[in-house]
1. Could you give the dipole magnitude of the protein assembly as shown about its Cα centre, charging the beta-carbon of Lys and Arg +1 and that of Asp and Glu -1, in debye to the nearest 20?
2. What number, in percent, do you get for the relative contact order of chain A if the mean sequence gap of Cα pairs under 8 Å and at least 6 apart is divided by its residue count?
3. In a Gaussian network model over chain B where Cα atoms closer than 10 Å are linked, find which of B:I171, B:I271, B:I190 has the largest mean-square fluctuation.
4. In a GNM of chain A with a 10 Å cut-off on Cα contacts, which of A:V101, A:V58, A:V220 has the highest mean-square fluctuation?
5. Could you give the alpha-carbon Rg of the protein assembly as shown over 2.2 N^0.38 Å, rounded to two decimals?
6. Please state the charge dipole magnitude for the range B:183-302, taken about the Cα centre, from unit charges on C-beta atoms (+1 on K and R, -1 on D and E), reported in debye and rounded to the nearest 20.
7. Translational D (Stokes-Einstein, µm²/s) of the range B:5-162 at 37 °C and 0.692 mPa s when Rh comes from the Kirkwood sum over C-alpha pairs?
8. Can you compute 3J(HN,Hα) from phi for each residue in the range A:79-87, using the Karplus curve 6.51 cos²θ - 1.76 cosθ + 1.60 with θ = phi - 60°, rounded to whole Hz and x for Gly and Pro?
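Values in this text are rule-based calculations from the coordinates and carry no lab data. Here the structure is a predicted model, which is why all the values come from computation and not from measurement. Methodologically, a virtual Cβ is constructed for each residue, glycine included, from the backbone with ideal geometry; neighbour enumeration extends over all protein chains shown.
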Amino acid sequence: MRIVVAYKWTCDPEEATARADGTVDWSRAKPGLSTYDPVAMELARHLAEQAGAELIGVTVGGKGVGAPIASKAVLGRGLDRVVIVEDESLREAGRSELAAVLAEAIRHIGDVDLVITGDSSVDVAAKMVPTVLAGELGWPAVAEVTGVTGTGVQAGALRVERAIPGGVQVLEISGPAVLAASADAAVPRVPGMKELLAAAKKPVELLELAALKVPQQNAVMTVVDRARPERKARKGQLIDTADPAAAAAELVAALRAAGAL
Amino acid sequence: MSVNAWIVVADQPTVGNLVTVARSLGGPVAAVVAGPRSVAETVANSGVDKVVWCHAPDDAPPEASAQAVADTVAADPPRVVLAGRNPGERVLLGAAAARLKAAVLTGARSVSLDGDTTTVVNAVFGDISDETVAVSGPVALLLDGGSVPPPAGSSAPIEEITVAPLGLKVIETRTHGFEKVDLNSAHRVIGVGRGVKAQEDLAMVEELAQALEAEIACSRPVAEGLNWMGKDRYIGSSGAHIAPQLYLAVGISGQLQHMVGVTGAETIVGINTDANAALFSQTDYGLVGDLYQLVPAITAALK
């Protein structure tokens, strides 16, 4: 069995600010492994251990995603090898284009049974790349996956638990599939020194975007304007809490006056 | 009939907002439903022009019909395909987008058609910036589905197709016992963060909620990880976006990921022990102090 974990090496918007003209200033942000990807890697690792599967990390993106620090960070999390498409033209790529490139990278690897991803990327948080990827591959996708057990993707061998509104559902999967893990699907282990040293020796394969023959998109997107959204001005009033009862009374009076109660 | 907008539906008929947006674009609107027949019937009553219902085996989840949904949409290719944010809906939209080779946008504030160009104002990076994007070619939009639409005067015809499902089968469904909630309809909402130390302490927050006639919501880790509430109660960039009259944040630090979900609130109150919490730059009324003293005091003051 061969399992791919698709991950993203990117910056957290928590460390970015929008300038007055709406452009985003990333200068204070440091790229890292996207917040929920370690969860996907942990989930995949558990399954790979059960099934004796090979575990391969795949990422596509702009310059930097193939940096040694990035590969080491993911290989230290128990992946056997990584396959990377690093091309600056992908920095501003849309969800569909990224999914199409991922699909070609997965076809290049060959004989992949399962793709596991995180819940969402920390920067764009669209939650759509895994589902478009499944569409590109012609495979089923399941999102909000909270657990997966099994030994392979032959009929009846793989079971997936996923969150649905109001509960959970257990699904049986036959054939290859894309699974997007929920944010709390597993508790990621922190790689130790031994794992990081081993990571430095694991194979890293860099693929040329041009060699992948990614099909053209039918849609062309152009950003024609940017703006920083208007935020409601907040009063920013602090209420003295030395006496909790007095503070509560002051708050309730203020809220009544503001028409909030 | 050449379809201008397709609405993609899984097993919930919560498509009110999707129908409104699709209708605002003009032209014929069709829906493809991958859930039970009853959902197709509700959607057919919502003001769309036609419905295609994917008839799959009873044990197939909506996602098993993803290829059939993509085939249906591609057979009558639209300018725009829309879906709600539930997991099943995202999977169906992804399949349709891949087939159409469409642009995928998930933060649309407005959509308009102008000649061959579709213009979308799209919030990006945790809503810190609004990008206006001009798209030539098909567009797939992930939007808040909205509520179940009120029945329209007449019902659209339902065309049934038989689906050979992808390799997914439902073995078991369990409810988790959390009460479902529609935070968007609440006038007042209390948000619980990690500052609340134990699940038993939610009782204290519930008393305040009763006195305020408020719904209880939370930050993401409280629903995912701590598992104290259903996932439909967490607020933030990947959770609920609400605009109540009053939002009262209790033990919440005020990180961007959470606060983008409440920027529309009329009044924001924050309680946190840390005077330097990011929360206090985003509140109308800030109370720096112990929530275990302040929450009961506010409950008492309201009585």
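1. On the way: 47 positive and 65 negative charges, 128 e Å.
It works out to roughly 620 debye.
2. Numbers: 510 pairs, mean separation 60.8, N = 261.
After rounding, I find 23 percent.
3. Among B:I171, B:I271, B:I190, the largest mean-square fluctuation in the Gaussian network model of chain B belongs to B:I171.
4. Of the options given, A:V220 has the highest mean-square fluctuation.
5. On the way: Rg = 23.8 Å, N = 564, 2.2 N^0.38 = 24.4 Å.
That ratio works out to 0.97.
6. Details: 6 positive and 12 negative charges, 59 e Å.
About 280 debye.
7. On the way: Rh = 15.4 Å.
Estimated diffusion coefficient is 214 µm²/s.
8. 6, 7, 6, 10, 10, 10, 10, 10, 8
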